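Taking it in order: structure first as structure tokens, then the write-up.
The values are calculated or read from the model by the stated rules, or taken from the named source; none is laboratory data. These numbers come from a predicted model, not from an experiment. Note that we place each Cβ from the backbone using ideal geometry, even for glycine, and neighbour counts take in every protein chain shown. The area values use the complete protein model at the heavy-atom level, side chains included, leaving out ligands, DNA and RNA. Shrake-Rupley method; radii C 1.70, N 1.55, O 1.52, S 1.80 Å.
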Amino acid sequence: MSLIGEPLRRQEDPRLLRGKGAYVADVQRPGTRHMAVLRSPHAHARIAARDFEDARRSPGVVAILAAEDVSALTPLPVFIQPPGSRQTSFPILPAAKAIYVGQPVAAVVAESRYVAEDALERMHVTYEPLPAVTDVDDAVTATAPRLHDGWPDNVAARREILTGDPDRAFAGAHTIVEGTFTMPRHAAAPLEGRAALASFDRDTGELTVWASSQAPHLYRTVLAATLGMEENRIVVIVPDVGGGFGVKLHYYPEDVLVAVAAMRLHRPVTWIETRSENLAGTVHARQQRVRARAAFDAGGTLLALESHVRGDVGAHLHTKGPAPIFTTGVLMPGPYDVRHYRARIEAVVTNKTPFGAYRAFGQQQGTFVMERLMDMAARTLGLDPADIRRRNFIPAPAFPYRSAGGWEFDSGRYADGLARALDVARYGELRAWQARERDRGRLIGIGLACYVEFTGMGPSKIMAAMGNRQGGYETAVVRIDPTGHATITSGIIEIGQGIRSSMAQIAADVLGLPYEKVRVVLGHTALTPYSAYGTAGSRGAVVAGGSVREASRLVKHKATKIAAHLLEAAEADIEVVQGRYRVRGAPSAGLTLADIAQEAHRGQRLPEGTEPGLEARYVHEPKNWTFSSGVHVAAVEVDPDTGAVRIAGYWIAHDCGKVINPMLVDGQLHGGVAQGVGAALMEDLVYDDEGQLLTRTFMDYAVPTATYMPEPGLEHLETLSPHTPGGVKGMSEGGTVAPPAAIANAVADALAGRGVDAGAVDRYPLTAPRVFGLLRGDEHVR
């Protein structure tokens, strides 16, 4: 029986559930010193003077690192540089000017963390404050302060998209809907913040770093380039990771500083991020303002789309450059057959923490804009929201489909997905319930959101053409030991998504082994093959899983060849039944994989020309991205006296190609929905006009708890991808993409019962004060 599609439990769960997880903070090295980071209290200020002598004389302080101590090092790289980007790197520590609150300006190393933290109060920096800019529209005015010397304005990168003739389509449209949509600033807020422990062996010249990272091989590459070291003298080890969500794909000043300190002191040095540091110093995400309009004919057919995406990248481009903002513009047409499209995309710098990768990587914003426009058009034209979507989906026979944004969608059944979502939600009954309750004065709303999710990041050459200086391939080595157990090594990283178990499941299925006999080794650059990208972009099962599948097939082919030789049969006559290689139609018990592996490693009775050993290495370079899809349905109730939004029900139909493990897929979708609900209803990193971050703890930056989460009803479709082994597509971000759009559409539907304009719900989070302001027509509260 095939193991693919079986809900097998994760291999690591028993250890984690018993509290035996080991994170960077749990790694103990004799003589470890502790680092703390001095951060700028100003959003924009010249650094006039530094005086660290008081701290240097403090008992227990062993080193201080300032800008001059790292000035000779290579700056940190911006990996994604679309044509026209103005920035290719950023400094480890600023020498002359601080450009956001929380920016590292120095570091202190001490015998304990307490001493290091206390020493920060004795480190004195004289600042000369400069005007700050905190809004993207203000930042692009002619009089705005310039953040970077030599730039003519504050736009770090631009792009324009033009498909068809949108001007002509708009001129002939029956109905045009438009709006300005505002998306908030978000923090990924993983349970485990960033962390690193560096140890330098001066006798061998080797640097070992334990890091909470999603991409350890690139971590090593970046460290080698920055420090000027030979890369083969650096080992990066990733123990258990307490969540990543994209922010641990980035490379930060603290990563370099902890290594520099260890090399100078010849002692291990550790740095563990606090929560306030995480909210202020780890990359932010999401914040955009999008002006968009859509043209329709009288029957609700979408004729054209136009958008102006202005994204807030913070003080400078970080590791992932402007890519999330560009993704918003490229993917905004979503699952709809849009043939006329214009997009203007701008990545704008402001005096805020730099921006970067976070689960749903620009897709949440584009989906919010597109789905709000679809609902606004449905209201204007008197159509059911489901009907207007059904009329505009890309038809299944059109695949492969070149989207208006320029990407080639591999496969999809979007109308079937909508039908499945409506069925699981019992849409007709929902509408009837809504009508009954409205008659009783309750504000009930129902919202839909449809989306396409780009997954399986790659291939390398297409990424290069887009300005991405990272590879899109993944490598796996599958080895069978003489006892018949399999070991897989891969450069991908387990961050809680279950990729370790998925790879074991794939290999066990191909090799005919019990799942428990497959071990997966990850997170050690000296033991695993190079990964040029890491865990990101819903690519683990697609790209790394593809490499495991193909390497396992190579191993199985060799095992079959050896079995045929030992059983004196033709290869074509060998079959594998219940883990035994036997001659088809013959009565013998055959050979186990352990029997074959023993002979392979002994090397004495092998077919002519066959190398001893039983292992294979496969590099999987995907042919193209894969595109998953989904439909979310939300039912909400709005309290008319407070504006509070309660989710009454939530349903999903999701299509990620062949499902490897439905339990893992369901868990990823549920977790993604939780983050999406937080985005829709509460999460917002707030700055004042001076660039001060006002939400620096979980007392101020609200994240959802279990009480906010519905139990989603969930249905799967399986539309196979032609690009991948097994037809697999990625899915880890899909649950996060749609909730703000679905919930906003539901809130707008509920407020329609009180005469609130369809376009008034033009931003999130939809907090109680904001929704109450909509009910009262209070623009200030919005």
Output for Cβ contacts, cut-off 8 Å, separation at least six or different chains, first residue under 30 Å from Ala486 (Cα atoms) and part of a strand (DSSP E or B) in the stretch 606-635, second among the aliphatic types (A, V, I, L, M) and open to solvent by 60 Å² or more (accessible area, probe 1.4 Å), reads Ala616/Leu554; Tyr618/Leu554
Checked pairs for the stretch 184-199, first closer than 21 Å to Val686 by Cα and without any contact (Cβ under 8 Å) to a residue 24 or more places away in the chain, second open to solvent by less than 10 Å² (accessible area, probe 1.4 Å) and assigned to a loop (DSSP other than H, G, I, E, B), C-beta under 8 Å and 6 or more apart or across chains, list as none
**Asked** Can you spot a residue in the stretch 572-584 that is assigned to a helix (DSSP H, G or I) and surrounded by fewer than 21 Cβ atoms within 10 Å (Cβ to Cβ)?
**Response** yes
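Is one or more of the residues making up the stretch 69-76 under 22 Å from Ile237 (Cβ atoms), open to solvent by less than 40 Å² (accessible area, probe 1.4 Å) and at pLDDT 95 or above?
The first filter runs over the stretch 69-76 and keeps only residues under 22 Å from Ile237 (Cβ atoms), leaving 76.
Checking the rest, the ones that are also open to solvent by less than 40 Å² (accessible area, probe 1.4 Å) come to 76.
Next, from what is left, pick out any that are at pLDDT 95 or above: 76.
Yes, the stretch 69-76 contains a residue that is under 22 Å from Ile237 (Cβ atoms), open to solvent by less than 40 Å² (accessible area, probe 1.4 Å) and at pLDDT 95 or above.
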The lone condition Ala644 fails out of (1) at pLDDT below 95; (2) under 25 Å from Ala187 (Cα atoms) is (1)
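If I filter the stretch 686-722 down to residues being under 30 Å from Ala45 (Cα atoms) and polar (S, T, N, Q), which single residue comes out as surrounded by the fewest Cβ atoms within 10 Å (Cβ to Cβ)? So that I can check it myself, show each step before the final result.
Of the residues in the stretch 686-722, the ones under 30 Å from Ala45 (Cα atoms) are 686-702.
Checking the rest, the ones that are also polar (S, T, N, Q) come to 692, 695, 697.
Working: Gln692: 16, Thr695: 18, Thr697: 10.
Top of the filtered list is Thr697.
Could you identify the single residue in His34, His44 that is out of contact with any Leu (no Cβ under 7 Å at 6 or more places or on another chain) and either surrounded by 20 or more Cβ atoms within 10 Å (Cβ to Cβ) or aromatic (Phe, Trp, Tyr) (or both)?
Working: His44 fails: out of contact with any Leu (no Cβ under 7 Å at 6 or more places or on another chain).
Result of the check over His34, His44: His34.
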Pairs returned, first residue in the stretch 217-232 that is more than 14 Å from Met263 (Cα to Cα) and modelled with pLDDT of 95 or more, second residue that is outside any helix (DSSP H, G or I) and open to solvent by 40 Å² or more (accessible area, probe 1.4 Å), beta-carbon separation under 8 angstrom, 6 or more apart or interchain, are His217/Tyr530; Ala225/Thr74
From the option list Gln28, Gln11, single residue qualifying as touching a helix residue (DSSP H, G or I) at 6+ places or on another chain (Cβ under 7 Å), open to solvent by 40 Å² or more (accessible area, probe 1.4 Å), in a loop (DSSP other than H, G, I, E, B) and not acidic (Asp, Glu) is Gln11
Over the stretch 329-370, the set of residues open to solvent by less than 10 Å² (accessible area, probe 1.4 Å), among the hydrophobic types (A, V, I, L, M, F, W, C) and under 21 Å from Gly676 (Cβ atoms) is Val330, Met332, Phe355, Ala357, Ala360, Phe368, Val369, Met370
Met503 vs (1) more than 30 Å from His670 (Cβ to Cβ); (2) open to solvent by less than 20 Å² (accessible area, probe 1.4 Å); (3) assigned to a helix (DSSP H, G or I): all pass except (1)
Taking the stretch 510-536 and the residues there that are in a helix (DSSP H, G or I) and in contact with a Ser or Thr (Cβ under 6 Å, 6 or more places away or on another chain), the one that is nearest to Tyr581 (Cα to Cα) would be Leu511
Residues in the stretch 646-663 that are more than 15 Å from Asp749 (Cβ to Cβ) and surrounded by fewer than 21 Cβ atoms within 10 Å (Cβ to Cβ) total 3
Note on the stretch 151-183: residues buried (at least 20 other Cβ atoms within 10 Å of the Cβ) and either of a type in the set (Gly, Ala, Ser) or not in a strand (DSSP E or B) (or both) are Asn154, Ala156, Ala157, Pro166, Ala169, Gly179
Okay, helices (runs of 4 or more DSSP H) sitting entirely in the stretch 695-782 with 3 or more residues that are of a type outside the set (Val, Ile, Thr) and farther than 18 Å from Gly678 by Cα, I get 739-751, 768-776
ask   = Looking at this structure, is Thr328 within 19 Å of Ala187 (Cα to Cα), among the hydroxyl-bearing types (Ser, Thr, Tyr) and assigned to a helix (DSSP H, G or I)?
value = yes
Of the candidates Val109, Val101, Val115, Val140, the one satisfying the condition of being surrounded by fewer than 22 Cβ atoms within 10 Å (Cβ to Cβ), of a type in the set (Val, Ile, Thr) and within 30 Å of Asp69 (Cα to Cα) is Val115
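In this structure, does Asp312 turn out to be modelled with pLDDT of 95 or more, in a strand (DSSP E or B) and within 20 Å of the chain's Cα centre (by Cα)? Before you say what the answer is, go through the steps one by one.
On the way: modelled with pLDDT of 95 or more: yes; in a strand (DSSP E or B): yes; within 20 Å of the chain's Cα centre (by Cα): yes.
Against the criterion (modelled with pLDDT of 95 or more, in a strand (DSSP E or B) and within 20 Å of the chain's Cα centre (by Cα)), Asp312 qualifies.
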Across (1) under 26 Å from the mean Cα position of the chain (by Cα); (2) more than 21 Å from Val452 (Cα to Cα), Val771 clears everything bar (1)
The one condition Val548 fails out of (1) open to solvent by less than 10 Å² (accessible area, probe 1.4 Å); (2) closer than 30 Å to Arg582 by Cβ; (3) in a strand (DSSP E or B) is (3)
Within the stretch 250-284, the count of residues that are within 23 Å of Asp684 (Cβ to Cβ), open to solvent by 10 Å² or more (accessible area, probe 1.4 Å) and either assigned to a loop (DSSP other than H, G, I, E, B) or hydrophobic (A, V, I, L, M, F, W, C) (or both) comes to 2
For the stretch 258-280, pairs from a residue that is touching a residue at least 24 places away in the same chain (Cβ under 8 Å) and within 19 Å of Ser213 (Cα to Cα) to a residue that is in a helix (DSSP H, G or I) and of a type in the set (Gly, Ala, Ser), with Cβ under 7 Å and 6 or more apart or across chains, are Pro268/Ala262; Val269/Ala261; Val269/Ala262; Ile272/Ala25
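Do you know which of the residues in the stretch 392-422 that are among the hydrophobic types (A, V, I, L, M, F, W, C) and open to solvent by less than 10 Å² (accessible area, probe 1.4 Å) is farthest from Met463 (Cα to Cα)? Steps first, answer last, please.
To start, the set of residues in the stretch 392-422 that are among the hydrophobic types (A, V, I, L, M, F, W, C) comprises 393-394, 396, 398-399, 404, 407, 409, 415, 418-419, 421-422.
Of the ones still in play, those that are also open to solvent by less than 10 Å² (accessible area, probe 1.4 Å) are 394, 404, 409, 418, 421.
Values: Ile394: 25, Ala404: 19, Phe409: 16, Leu418: 31, Ala421: 34 Å.
Restricting to residues being among the hydrophobic types (A, V, I, L, M, F, W, C) and open to solvent by less than 10 Å² (accessible area, probe 1.4 Å), the top hit is Ala421.
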Considering the stretch 592-625, residues that are buried (at least 21 other Cβ atoms within 10 Å of the Cβ) and touching a Phe, Trp or Tyr at 6+ places or on another chain (Cβ under 8 Å), and then whichever is nearest to Tyr650 (Cα to Cα), we arrive at Trp625
